[in-house]
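To start, the structure itself, in C-alpha cells.
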Amino acid sequence: MKAYWDERGKTDEFRKNVKDAYNGIIEDSLNMPLEWYLDFGKVLLAKPPVPESWFTTTENVRREWQPLIEEELRRRNKSPSEIASSKTLDAWRKYFSHPPDLERDTVEEIVKQGAIKDLFVTIIHDAIISFNKKFNPFFGAVAALGLDKQIKEFIIPFMDSATDIATDFIVDPANKSKFSDMGVHMVDLISRQKPDVLLQVGKIPNDDDFASLIKTTVCDENVRKFVAEVYGVVADTIKAKHAGKTLGEALKAQGFDHKWPDLDDTDLDYIIRWMNNSSALQKFFDLEAKAYKP
C-alpha cells in the first residue's frame, strides 16, 4: 500500500482532499462546545506529570540548539533596534512606560534587603569620601588615621531611615512619571545592544540547574494541585459566562473572526510528505478501508 500512497500523494485530487480535510478539522474544532475543551483541561491537569525522559530530551535538545542559535545571532550581529520595526519598538516602550503599582509593604521589604542596604552604605560612604577629598584639605591626615573606614560604621545605623525615604520615594504617585521614563529608557538601552551583550545579560548562571528547578516545580504535587484548583475555578467561571457556546462562538465574542490561515502549496507539500512517511497513518487508512461496508 505504501507505493499506492506515494503515488496518490502526488495527485491534485489528493492535495485538494487534504486541504479540505484541514479546513474541515478547523471548522469542526471551532464548532465543538467550549465546555468540552475546558473539561478536557481539567482531565489533563489531573494526570501524572510527564515522564522523566521528556525533561531529559528537552534538555538535550536545548544543549544542541542553544549554542547554534547563539553562534548565528553573533554572526549576524544585529541589535533589536536593527531588527524590529519602529512600530514594534514603540509598543514595547508604551508597555514599559506603565510601572506596576506596588504596595508600600512590598517595596519596603525589597528595599530593606541586605544587598540593597549595603549598596546604600557604599554610595553614601563613597560620596562622603569624594566630597572630603575635594574640599577638605585635612582629609589626607584623616585618611592616614584610618578614620575613613569608620565612616561606614557611622552610616549603618541610619540605614533604616534611608530605606524608609527610598520606599516613600518609590511609592509616591508624584514620582510615577520618573519610573515611566526609566522604563522607556531601559527599552531604548536594551534595544541598542548587540548579541554579545544581550546573550550575556540573559544568561542563566547554570542552565542545567535551572532545568532541574523547572522539573522539580512541574513535578511538585502541591504546585500541580494548586494549579489544577485555580484552573478549575477559572474554567467553571468561563463555562458559566459562555454557557451553551461553541469554541468558535466564544472566540468570536472576543474578537476572533474565524478566518483561519489557509494552506498554501508549501504547507501541503510538508503535510503530504509526513502522511506518506507515516506507516501508522497508512496502517490506519488500510484498516479503515477494509472495515468499511457501504
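Summary table
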{"item": "Qualifying residue in segment 94-105 (condition: touching a Phe, Trp or Tyr at 6+ places or on another chain (Cβ under 8 Å) and at pLDDT below 85)", "result": "yes"}
{"item": "Asn77 vs. criteria at positive phi and out of contact with any Phe, Trp or Tyr (no Cβ under 6 Å at 6 or more places or on another chain)", "result": "yes"}
{"item": "Selection within segment 251-279 - farther than 17 Å from Arg8 by Cβ and of a type in the set (A, V, I, L, M)", "result": "Leu251, Ala253, Leu263"}
{"item": "Some residue of segment 86-102 being under 30 Å from Asn276 (Cβ atoms) and β-branched (Val, Ile, Thr)", "result": "no"}
{"item": "All positions within segment 246-282 that are aromatic (Phe, Trp, Tyr), free of Cβ contacts under 8 Å to residues at least 12 places away in the same chain and farther than 22 Å from Tyr4 by Cα", "result": "Phe256"}
{"item": "Segment 7-26, subset surrounded by 13 or more Cβ atoms within 10 Å (Cβ to Cβ) and charged (D, E, K, R), residue farthest from Met275 (Cα to Cα)", "result": "Lys19"}
{"item": "Spans of helices (runs of 4 or more DSSP H) in segment 145-194 with at least 3 residues among the polar types (S, T, N, Q)", "result": "159-171, 176-191"}
{"item": "Unmet criterion (only one of (1) within 22 Å of the chain's Cα centre (by Cα); (2) touching a residue at least 24 places away in the same chain (Cβ under 8 Å)) for Val61", "result": "(2)"}
{"item": "Subset of segment 86-111 that is of a type in the set (Ser, Thr, Tyr) and either under 15 Å from Asp181 (Cα atoms) or under 21 Å from the mean Cα position of the chain (by Cα) (or both) - its residue that is surrounded by the fewest Cβ atoms within 10 Å (Cβ to Cβ)", "result": "Tyr95"}
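The values are calculated or read from the model by the stated rules, or taken from the named source; none is laboratory data. Remember, predicted model here, so these are calculated numbers, not experimental data. Glycine gets a Cβ as well: all are built from the backbone with ideal geometry, and neighbour counts include every protein chain shown.
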